[in-house]
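Trainee: There's a structure below that I have some questions on.
We did not get these values from a lab; they are worked out from the coordinates using the rules stated. Computed from a predicted structure; not experimentally measured. Ideal geometry is used to build each Cβ from the backbone, glycine not excepted, and the neighbour counts take in all protein chains shown.
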Amino acid sequence: MEQADKSLKLEKFRPKKNEKYAFIFGNEIKGIDQKIIDISDDIIEIPQFGTKHSLNVSVSAGIVIWDVFSKISFSQFD
């Protein structure tokens, strides 16, 4: 989860059936190391509004895990 060039908004991310995923969450100040971003298949961003553009890592993880779980549970597969 990172705000980066060419990142995909979380609401547009669609998990693929029978695919395995590893989600990496960065520090709210330092983010994710560029080396990790460079080798990632996709970069997903949680949209935010206002002046603060970071979330606590545990909050981010909860949002993403719930989003993916709900999409899988309601069969929103590609």
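Trainee: Please list, ordered by chain and number, the residues whose modelled amide H lies under 5 Å from the amide H of I44; skip anything fewer than 5 residues away on the same chain.
Mentor: E2, L8
Trainee: Still on this structure: Can you tell me the dipole magnitude for the chain around its Cα centre, using point charges on the Cβ only (Lys, Arg +1; Asp, Glu -1), in Debye to the nearest 20? Walk me through the numbers before you get to the answer.
Mentor: Numbers: 11 positive and 12 negative charges, 41 e Å.
That gives a dipole near 200 debye.
Trainee: Then there's this: Could you work out how far apart the two model spin labels at D5 and N27 are, taking each label as a point 7 Å from the Cα in the direction of the beta carbon, and quote it in nm?
Mentor: Placing both labels 7 Å along Cα→Cβ, they lie 2.4 nm apart.
Trainee: Right, here's the next one. For the chain, what does the relative contact order come out to in percent, with C-alpha contacts under 8 Å and a separation of six or more? Write down the numbers at each step before the final one.
Mentor: Numbers: 75 pairs, mean separation 37.7, N = 78.
Once divided by the residue count of the chain, the mean separation gives 48 percent.
Trainee: Looking at this model, which pairs from K16/K52; K12/K52; K9/K71; K6/K35; K6/K71 are more than 26 angstrom apart at the alpha-carbon? Present the calculation step by step, with values, prior to reporting the outcome.
Mentor: Numbers: K16/K52 32 Å; K12/K52 22 Å; K9/K71 14 Å; K6/K35 16 Å; K6/K71 22 Å.
Flagged as over cut-off: K16/K52.
Trainee: Quick check: the angle from helix 57-73's long axis to the longest principal axis of the chain, C-alpha only, nearest 10 degrees?
Mentor: 20
Trainee: Between F25 and residues 5 or more places away or on another chain, which pairs have amide H atoms under 5 Å apart, with H built 1.01 Å from N, and which residues are they?
Mentor: Under 5 Å from the amide H of F25 lies no amide H from a residue far enough along the sequence or on another chain.
Trainee: Got a sec? How would D42, D67 order by Cβ neighbour count within 10 Å, fewest to most? Working shown, then result.
Mentor: On the way: D42 9, D67 16.
Going from least to most buried by this count: D42, D67.
Trainee: If exposed means no more than 12 neighbouring beta carbons inside 10 Å and the site is in a DSSP loop, what's the longest run of the chain without any exposed trypsin sites (Lys or Arg not before Pro)?
Mentor: Numbers: sites that count: K6, K16, K17, K20, K30, K52.
The longest uninterrupted stretch comes out as 53-78.
Trainee: If you don't mind, there's one more thing I want to ask. Between the DSSP loop rule and a limit of at most 15 other Cβ atoms within 10 Å, which GluC sites (Glu not before Pro) in region 2-73 are left? Intermediate results must be reported in sequence, preceding the final value.
Mentor: Numbers: sites: E2, E11, E19, E28, E45; in loops: E2, E19, E28.
For GluC sites (Glu not before Pro) across region 2-73 that sit outside H, G, I, E and B with at most 15 neighbouring Cβ atoms in 10 Å, the list reads E19, E28.
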